[in-house]
Amino acid sequence: MKAIIHYFKTIFAALKTLVKGMAITGHYFIHPKEIITQQYPENRDTLKMFERFRGEVVLLHNENNEHRCTGCSACEIACPNGTIEIITKRVETPEGRKVKQIDRFVYHLSMCTMCNLCILACPTDAIVMSNDFEHAVFDRSQLTKILNKPGSKLMEGVRH
Ligand code: SF4
Ligand code: SF4
């Protein structure tokens, strides 16, 4: 007898769960504006990520192809897993002063854990986290990026 009661109890519990699920589906069918899930990639053109989402590290450049990176290496030192390599060179200013300048900002996206420590360490706010999350590539080497654009230079007024 006990087994029969348990059997019907199980069926009742399953039906209750089914009705509950159908009620939620029905609610969103009647109130489509309340739906929070998104149809990706169909909505690629209108998709807006949350501001705090961390997709990849980028070096900001202005319209004159200038950035704020002095090549101080603070981000490289702060990075816990060697994702960043700052390669610098020595250049002479018009005043005859020899200064360190960034040659290549190498970023290994495949190693980045998006911990944000490099961003916090940068004294000139040269780097930020972008929202871009579409990083799939066929060739892994494409995940190693040079963040300073060709021909770019240090922004006027940013101190070494
Ligand atoms: S986000 Fe973290 S892991 Fe990625 S480069 Fe910056 S410090 Fe390194
Ligand atoms: S990005 Fe910032 S912390 Fe990194 S080398 Fe450039 S100035 Fe220094």
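The values are calculated or read from the model by the stated rules, or taken from the named source; none is laboratory data. Note that the coordinates shown come from a computational prediction; the quantities given were computed from them, not determined experimentally. Every residue, glycine as well, gets a Cβ built from its backbone with ideal geometry; the counts of neighbours run over all protein chains shown.
Would you be able to say whether some residue in the range 109-116 is within 16 Å of ligand 1 (Cβ to nearest atom), under 23 Å from the mean Cα position of the chain (by Cα) and modelled with pLDDT under 95? Lay out the reasoning, then the answer.
Let us first name the residues in the range 109-116 that are within 16 Å of ligand 1 (Cβ to nearest atom), namely 109-116.
Now restrict to residues that are under 23 Å from the mean Cα position of the chain (by Cα): 109-116.
Okay, now just the ones that are also modelled with pLDDT under 95, so none.
The answer is no; no qualifying residue exists.
For residues in the range 112-138 being touching a residue at least 40 places away in the same chain (Cβ under 8 Å) and among the polar types (S, T, N, Q), which is nearest to ligand 2 (Cβ to nearest atom)?
Looking at residues that are touching a residue at least 40 places away in the same chain (Cβ under 8 Å) and among the polar types (S, T, N, Q), I get Thr124.
Just give me the residues in the range 61-78 being more than 15 Å from ligand 1 (Cβ to nearest atom) and either under 21 Å from the mean Cα position of the chain (by Cα) or in a helix (DSSP H, G or I) (or both), in sequence order.
Keep residues of the range 61-78 that are more than 15 Å from ligand 1 (Cβ to nearest atom), which gives 61-68, 70-71.
Matches in the range 61-78: His61, Asn62, His67, Arg68.
Has the range 96-110 got at least one residue that is acidic (Asp, Glu) and farther than 22 Å from Asp132 by Cβ?
Yes, the range 96-110 contains a residue that is acidic (Asp, Glu) and farther than 22 Å from Asp132 by Cβ.
Write out, first by first residue and then by second, each pair whose Cβ atoms fall under 8 Å of each other, whose residues are 6+ apart or on separate chains, and whose first residue, in the range 35-50, is closer than 15 Å to Glu134 by Cβ while the second is among the acidic types (Asp, Glu).
Correct list of pairs: empty, since none qualify.
Okay, residues lined up against (1) exposed (fewer than 15 other Cβ atoms within 10 Å of the Cβ); (2) of a type outside the set (A, V, I, L, M):
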site: Glu51; (1), (2): yes, yes
site: Leu60; (1), (2): no, no
site: Asn65; (1), (2): yes, yes
site: Ile86; (1), (2): no, no
site: Cys122; (1), (2): no, yes
site: Ala126; (1), (2): no, no
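Within the range 88-111, which residues are within 15 Å of ligand 2 (Cβ to nearest atom), of a type outside the set (Lys, Arg) and over 27 Å from Phe138 (Cα atoms)?
The initial filter retains those residues of the range 88-111 that are within 15 Å of ligand 2 (Cβ to nearest atom), namely 88-89, 99-108.
Applying the additional criterion that residues be of a type outside the set (Lys, Arg) yields 88, 99, 101-103, 105-108.
Listed by number, the residues that qualify are Thr88, Val99, Gln101, Ile102, Asp103.
Just give me the residues in the range 141-154 being surrounded by 16 or more Cβ atoms within 10 Å (Cβ to Cβ), hydrophobic (A, V, I, L, M, F, W, C) and at pLDDT 95 or above, in sequence order.
Leu143, Leu147
Using the structure shown, decide if Arg44 is among the basic types (Lys, Arg) and assigned by TED's automatic domain parsing to the domain that holds Leu120.
Values: among the basic types (Lys, Arg): yes; assigned by TED's automatic domain parsing to the domain that holds Leu120: no.
No; evaluated as a whole, the condition is false for this residue.
Which one of Val106, Val99, Val91 is surrounded by 14 or more Cβ atoms within 10 Å (Cβ to Cβ), at pLDDT below 95, of a type outside the set (Asp, Glu) and under 22 Å from Lys153 (Cα atoms)?
On the way: Val106 fails: at pLDDT below 95; Val91 fails: surrounded by 14 or more Cβ atoms within 10 Å (Cβ to Cβ).
Exactly one of Val106, Val99, Val91 is surrounded by 14 or more Cβ atoms within 10 Å (Cβ to Cβ), at pLDDT below 95, of a type outside the set (Asp, Glu) and under 22 Å from Lys153 (Cα atoms), namely Val99.
Does Gly55 satisfy the condition of being at pLDDT 95 or above and either of a type in the set (A, V, I, L, M, F, W, C) or within 16 Å of ligand 1 (Cβ to nearest atom) (or both)?
yes
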